[in-house]
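Each remark here refers to the structure printed beneath this line.
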Amino acid sequence: MDLPPASIAKDKHRVATRPSLPMWDQQLIAKYDVPGPRYTSYPTAVQFAGDYDLEVYRQEARDNLQQTIAPLSLYVHIPFCQNICYYCACNKVVTSDPSAARTYLDYLTQEIELQSPMVDKHRTVMQLHLGGGTPTFFDGAELTELMHVLASHYKLTDSERREYSIEIDPRTVTKDSLALLKGLGFNRLSLGVQDFDEQVQQAINRRQRYGMIKILTETARLYQFKSISYDLIYGLPMQTLETLSVTLDKTIALSPDRIAFYSYAHLPKRFKSQRAIDRLDLPSAVEKLEMLSLITEKLLAAGYVHIGMDHFVKPKDDLALARHEGKLQRNFQGYSTCMAPDLVGLGVSSISAMQSSYAQNERALDDYYQRLDAGILPIAKGFKLSEDDQIRRAVINRIICDLQLDTQTVEKQFGIIFSEYFGQELLALKPLQSDGLLCWHGDKLTVSELGQLMLRNICMVFDKYLRRANDNSSGREQSESIRFSNTL
Ligand code: SF4
């Protein structure tokens, strides 16, 4: 490991000098800085269980994937990475063996052959996302083969409206790779930038020069990719307000269309690679909030729109338009436009999200291969949503996506009386209202500016499973705190 000795690292770690914002007092931070889900699904993956087997999946596929010709989303997970980034919380396999990709592609093809007959063949794939791991661990020939296999089994499209995206590790691609990706039909790129500061890059074991990102961004523009997105992280080791400010300036100068600025969640008990990070090199909760304030301030000043939950986009981006039209959705990749009601996940650990259920593939590569060797789909677990789950999912989605909730719309959609159905939740919201996180105008709940930073805390009030866990034993509470990152 080539991290600097801890003592040197700590000396160099400058404490934030920027004045704290008055609205963020310590008490409020302590009150709301608690473990909580990011709500890329409701119920969260923690609730998925093994009693959701292949038979349940087949029935759900018949009900959801075959009874409509509505657009479809596909997600393909490619788990391999050449190097480990210490902050990583993804399901990945670190290897430098290129033959791993070939083997995986063969199994992926088998899965596609088994899964695709369960989808109505008229459903157009309007959204396709290749994630990882590192999708660009596949070489050009393997990516071409994968796209060919997908096109042979699902109805891909060249519509201008399609959103075909791929996560890029800038260290693994060249200008030529971008040309190939464009030729294969991808029109959106998501670049893993994380941070431009060299000390931070060293502390997370991910070195990539600014010039490299600049060239890739400019090349992507030249090839007319419709959207370029950057993933960045705040709260990383050695990161300070000063270093973050420089990273922000460099980011703004390159002008990506979308920016996802995730909060680093330090969960070393859960993610082994994070044990290489010295806790003392991490910014405190107060510093992280100041970082979030700086990010918001600078990106808004640069003309970006804050979509919510760490996402910023240019005003003419599809996500901003979808927000404006009340059509923004949230799924396992974060925010999305409302183009397809069902998502089919392919590859190890992938999650499918159908209207009435979630299904997750085996998480370990060996188990995934074993299932496919037996000629069966590698579904490991899942969750069938009750009507109550669907109501709560709708409420949480609207709060996260619209930053407001019209209770009358929920009443009409589900035939309930909101104040009766959510009596307990309305009481639980009162302290949040007193703390200035939200306000009520008649039947409409609106999230305040402060509340936007604590969106997860507001949604958590409507999470039945979280409440149940908190009402039960302290042991369960402890296990929840290991599963979820802190909200701030
Ligand atoms: S952050 Fe991305 S590239 Fe780094 S180890 Fe994790 S999945 Fe691989």
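Only residues that are crowded, with 20+ Cβ neighbours inside 10 Å and part of a loop (DSSP other than H, G, I, E, B) were counted in region 340-361, giving 5. Based on what the data block shows, is ILE233 within 15 Å of the ligand (Cβ to nearest atom), under 30 Å from ALA322 (Cα atoms) and not in a helix (DSSP H, G or I)? Considered against the rule, which asks whether it is within 15 Å of the ligand (Cβ to nearest atom), under 30 Å from ALA322 (Cα atoms) and not in a helix (DSSP H, G or I), ILE233 comes out as yes. Taking into account only those residues within region 264-286 that are polar (S, T, N, Q) and modelled with pLDDT of 90 or more, which is farthest from the ligand (Cβ to nearest atom)? Checking each candidate, the answer is GLN274. State which residue is surrounded by the fewest Cβ atoms within 10 Å (Cβ to Cβ) when the search covers only region 279-316 and only residues that are hydrophobic (A, V, I, L, M, F, W, C) and in a loop (DSSP other than H, G, I, E, B). Step by step, filter region 279-316, then rank; the result is ALA302. Looking at region 202-216, is at least one residue assigned by TED's automatic domain parsing to the domain that holds LYS92 and in contact with a Ser or Thr (Cβ under 8 Å, 6 or more places away or on another chain)? No: zero hits. Within region 175-198, the set of residues being touching a helix residue (DSSP H, G or I) at 6+ places or on another chain (Cβ under 7 Å) and farther than 17 Å from TYR230 by Cβ comprises LYS175, SER177, LEU180, LEU184, GLY185.
Filter region 85-106 down to the residues that are among the small types (Gly, Ala, Ser) and assigned to a helix (DSSP H, G or I), then identify the one that is farthest from the ligand (Cβ to nearest atom). The residue in question is SER99.
Just so you know, in region 413-432 the residues that are more than 29 Å from the chain's Cα centre (by Cα) and among the small types (Gly, Ala, Ser) include one that is farthest from VAL461 (Cα to Cα), and it is GLY415. Taken over region 48-84, residues that are surrounded by fewer than 19 Cβ atoms within 10 Å (Cβ to Cβ) and within 16 Å of the ligand (Cβ to nearest atom) amount to 3. Every listed requirement among (1) crowded, with 19+ Cβ neighbours inside 10 Å; (2) assigned to a helix (DSSP H, G or I); (3) at pLDDT 95 or above; (4) not polar (S, T, N, Q) is met by TYR369 save one, (1).
In this entry, PRO35 is excluded by the filter for residues that are more than 16 Å from the ligand (Cβ to nearest atom), farther than 30 Å from GLN390 by Cβ, modelled with pLDDT under 90 and not β-branched (Val, Ile, Thr). Taking (1) under 22 Å from the mean Cα position of the chain (by Cα); (2) closer than 30 Å to SER245 by Cβ; (3) buried (at least 20 other Cβ atoms within 10 Å of the Cβ); (4) of a type outside the set (Lys, Arg) in turn, PRO135 satisfies each apart from (2).
The values are calculated or read from the model by the stated rules, or taken from the named source; none is laboratory data. The structure presented is a predicted model; accordingly, all values stated were derived computationally and were not measured. We place every Cβ from the backbone using ideal geometry, glycine too, and count neighbours over all the protein chains shown.
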